[in-house]
Amino acid sequence: MKKKLKSPYLLFFLLALACILPAKQSYAYLDPGTGSQILQIVIASVAGALISIKMFWRHIKLFFMKIFYKNKSEPDKSTEKNYE
């Protein structure tokens, strides 16, 4: 009886690993534009994270208020907005 792979990601990972392992030494260099591209990726990642935090700040704040105010009756409802 043959076993089926449970996830297509496992198959992809195994194929990628099979392609990477036999690689020999590479004689390549990093282009001067590579540094600026890496810098752009880092700046975009930080900006995206900050915008995401800004958009979900109320949800994050209420989540932590529920955790830290377990002993008290209810967290302050004044920070909660009703979007319905």
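General remarks:
- The residues of region 55-80 that are at pLDDT 85 or above and part of a helix (DSSP H, G or I), listed by number, are Met55, Trp57, Arg58, His59, Ile60, Lys61, Leu62, Phe63, Phe64, Met65, Lys66, Ile67.
- Taken over region 8-54, the residue count meeting the criterion of being part of a helix (DSSP H, G or I), among the polar types (S, T, N, Q) and open to solvent by 100 Å² or more (accessible area, probe 1.4 Å) is 2.
The values are calculated or read from the model by the stated rules, or taken from the named source; none is laboratory data. Treat the numbers as computed from the prediction; the structure is a model and nothing was measured. Areas reflect the complete protein model, heavy atoms only, side chains present, ligands, DNA and RNA absent. Shrake-Rupley method; radii C 1.70, N 1.55, O 1.52, S 1.80 Å.
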